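The values are calculated or read from the model by the stated rules, or taken from the named source; none is laboratory data. Since the structure is predicted, the reported quantities are computational estimates derived from the model, not experimental observations. Reconstructed Cβ throughout: ideal geometry from the backbone, glycine too, with neighbour counts over all protein chains shown.
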Amino acid sequence: MSFIAIDADLASAAEEELDRACDLSWRDLSGIIPWGDSYEGVTPGGRDAVFERNYLWAGPPRGDICVEVFVHLPRDFEQGARRTRLIHR
């Protein structure tokens, strides 16, 4: 395991996950909103973590999509990193 501080490691993992979550186009996502999932993975620093993604309408349906990512340590919802980004219509 790397000696990256926990907060920095979780933030880095959240940024990477948000980039991947936003690889999908508005058109691809618009048919499945609202939707979310989670999985267990490993952070850049080698820590076990839970990665959660949510895709929600940012306002009225069929408009912009809000992508939310939350990465946290297993069984520890208090220590985590949350990131959001819009996919514009």
All positions within region 42-85 that are basic (K, R) and assigned to a strand (DSSP E or B): R53, R82, R83, R85
Answer from I65, I87, I33, I6 - the residue that is in contact with a Cys (Cβ under 7 Å, 6 or more places away or on another chain) and hydrophobic (A, V, I, L, M, F, W, C): I87
Where D9 falls short, out of the listed (1) touching a residue at least 24 places away in the same chain (Cβ under 8 Å); (2) out of contact with any Gly (no Cβ under 8 Å at 6 or more places or on another chain); (3) crowded, with 16+ Cβ neighbours inside 10 Å: (2)
Residue count, region 65-89 (criterion: in contact (Cβ under 8 Å) with a residue 24 or more places away in the chain, loosely packed, with under 14 Cβ neighbours inside 10 Å and in contact with a Phe, Trp or Tyr (Cβ under 9 Å, 6 or more places away or on another chain)): 2
Per-region count, region 25-64, residues in contact (Cβ under 8 Å) with a residue 60 or more places away in the chain and surrounded by 14 or more Cβ atoms within 10 Å (Cβ to Cβ): 1
Test: residue in region 5-27 that is assigned to a strand (DSSP E or B) and among the hydrophobic types (A, V, I, L, M, F, W, C): no
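Could we say that I4 is modelled with pLDDT under 95 and crowded, with 16+ Cβ neighbours inside 10 Å here?
yes
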